[in-house]
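The values are calculated or read from the model by the stated rules, or taken from the named source; none is laboratory data. Bear in mind the structure is a predicted one, so any value in this text is a computation, not a measurement. Cβ atoms come from the backbone with ideal geometry, glycine included; neighbour counts cover every protein chain shown. For the accessible areas, the whole protein counts, side chains as well, though only heavy atoms, and no ligand, DNA or RNA atoms are used. Shrake-Rupley method; radii C 1.70, N 1.55, O 1.52, S 1.80 Å.
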Amino acid sequence: MTLPRRAKYSGSTRGLALAFDIGTTFSGISYSILDPGRVSEIRPITRYPCQEHVGGDMKVPTVVYYDHLGKPRAIGAEALKEGIEVEAEEQGWVKSHWFKLHLRPKSTTWRARDEEPLPPLPPNKPIEHIFADFMAYLYRCSEDFIAQTHGEVTWKSVQKNIYYILTHPNGWGGPQQAGMRRAAVLAGLVSESAEDQSRITFVTEGEASLHYCLLNGLTVDGMDGTAGITIVDAGGGYYQGAVFVTRRAEVHFNNALAGTKYRQDVPTITNAFDKSAKHVFRKVDEPLQIRFASPSENDAALNIRSGRIIVDGITLAQFFEPSVSCVVDAIKVQNGNLKSHCPIKSAFLVGGFSASDWLYDQVREAIEPLGISVLRPDTHRVKYSERLKKLYCEITFDVILLFGLTELQAQIAFVDSSGEEKRGPAQVVYEKV
């Protein structure tokens, strides 16, 4: 099963499609310049203001810092700046993260299972307003990237004819879409008129994930119509996802270090767990060490050695267990519902949490005895990209220098296989001689 070839853009004027994927923990943008009579090309935004590695990442944290007046002070990649936590504490800023989960339906089957409390919203800041602030930020990032990559003329030619694609979880419906529409109006992306509202399209994340799998050439049993496939969205906030693993770890550290001088270090330990230890955990018989203090810090009773707290594998597995069980149960329920007429043969684990080797191994161990293959398309994407690097290892390009009043910028220009000139970002490096 493959997707049909994309049709040529049938519009009469040039336009732009902007897709905002606002995730629980990370967000990203894709875009496509729509030229009449031409097949559009889908590209990601790979450069954001304040991003440490320019062009090195296609996603930014879904985080907003607000001051006491409710004004955004740092959003997305800006929230990763060195010393931002200290500045936020000094200025009295409030951090809003995981806010997407406050918009979800009030009753879903998985919420009933040991749900951890969510971080509260900032005072006097409704969820639609936070979404609006983040959408406005994504729009500004899109404008900067497209103008710098394709030129100001290109941006000006499309900025009044933009179509927005907004993703949301499969379980969301009318009330959640209405909230996102209100946020788009508050962000200034569209007005409340029927014509403007028609420029917003919603796509479920399950559908988007399936298209992603097919576009990347995945071939699995059952795609000939004789059997079924299931998409398991293991994103940050789904199926007791990654954010809840981190929350359970935080509760553990708070309890373990209560009444000690290390209690104040729990946020640092939790952050280190979220960024590294959570992703490398693979075996229950292998403890993990989380660095949080100087090597001089030691306390054998608290399992702290040389500034690292040691967490045994059994405890780590307990952080993951509700998440693993939710994924396994969901696949089993779907398989039971379809088994009589279209049995599931393949399960795709997608989303950021699917990168966890422990989650993948536990799900595969429980599901594959049922005759269902468990796959991770993200792994395939890496291999696919590496193959492209081997096939296309040489390109001829020109360097274009853009002289401003106070700075010098650069771009590379090249001609692709269709004969169209393309431009990409380049960095000017100054060396002392």
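Worth a mention:
- Ala272 falls short on exactly one of the conditions (1) loosely packed, with under 15 Cβ neighbours inside 10 Å; (2) in a helix (DSSP H, G or I); (3) aliphatic (A, V, I, L, M), and that condition is (1).
- Counting the residues of the stretch 14-39 that are open to solvent by less than 30 Å² (accessible area, probe 1.4 Å) and without any contact (Cβ under 8 Å) to a residue 40 or more places away in the chain gives 2.
- Options Ala301, Ala258, Ala277; residue that is part of a helix (DSSP H, G or I), of a type in the set (Gly, Ala, Ser) and either at pLDDT 90 or above or open to solvent by 30 Å² or more (accessible area, probe 1.4 Å) (or both): Ala301
- Any chance Glu78 is farther than 16 Å from Arg140 by Cα, open to solvent by 10 Å² or more (accessible area, probe 1.4 Å) and over 15 Å from the mean Cα position of the chain (by Cα): no
- Of the helices (runs of 4 or more DSSP H) lying entirely inside the stretch 131-211, those containing at least 3 residues that are open to solvent by 60 Å² or more (accessible area, probe 1.4 Å) span 152-158, 174-186.
- Residues that are among the hydrophobic types (A, V, I, L, M, F, W, C) and more than 28 Å from Ala366 (Cβ to Cβ), drawn from the stretch 291-323: Phe292, Ala293, Ala300, Ala301, Leu302, Ile304, Ile309, Ile310
- In the set (1) under 28 Å from Phe26 (Cα atoms); (2) modelled with pLDDT under 90; (3) of a type outside the set (Val, Ile, Thr), Ala317 fails one condition alone, (2).
- Of all the residues in the stretch 81-97, those that are farther than 14 Å from Tyr137 by Cβ and surrounded by 20 or more Cβ atoms within 10 Å (Cβ to Cβ) number 1.
- Total residues in the stretch 59-75, condition small (Gly, Ala, Ser) and in contact with a Leu (Cβ under 8 Å, 6 or more places away or on another chain): 0
- When residues of the stretch 331-351 are limited to those that are crowded, with 19+ Cβ neighbours inside 10 Å and in a helix (DSSP H, G or I), the one modelled with the highest pLDDT: Ile331
- Residue check, Val284 of a type in the set (A, V, I, L, M), part of a loop (DSSP other than H, G, I, E, B) and either exposed (fewer than 14 other Cβ atoms within 10 Å of the Cβ) or within 30 Å of the chain's Cα centre (by Cα) (or both): yes
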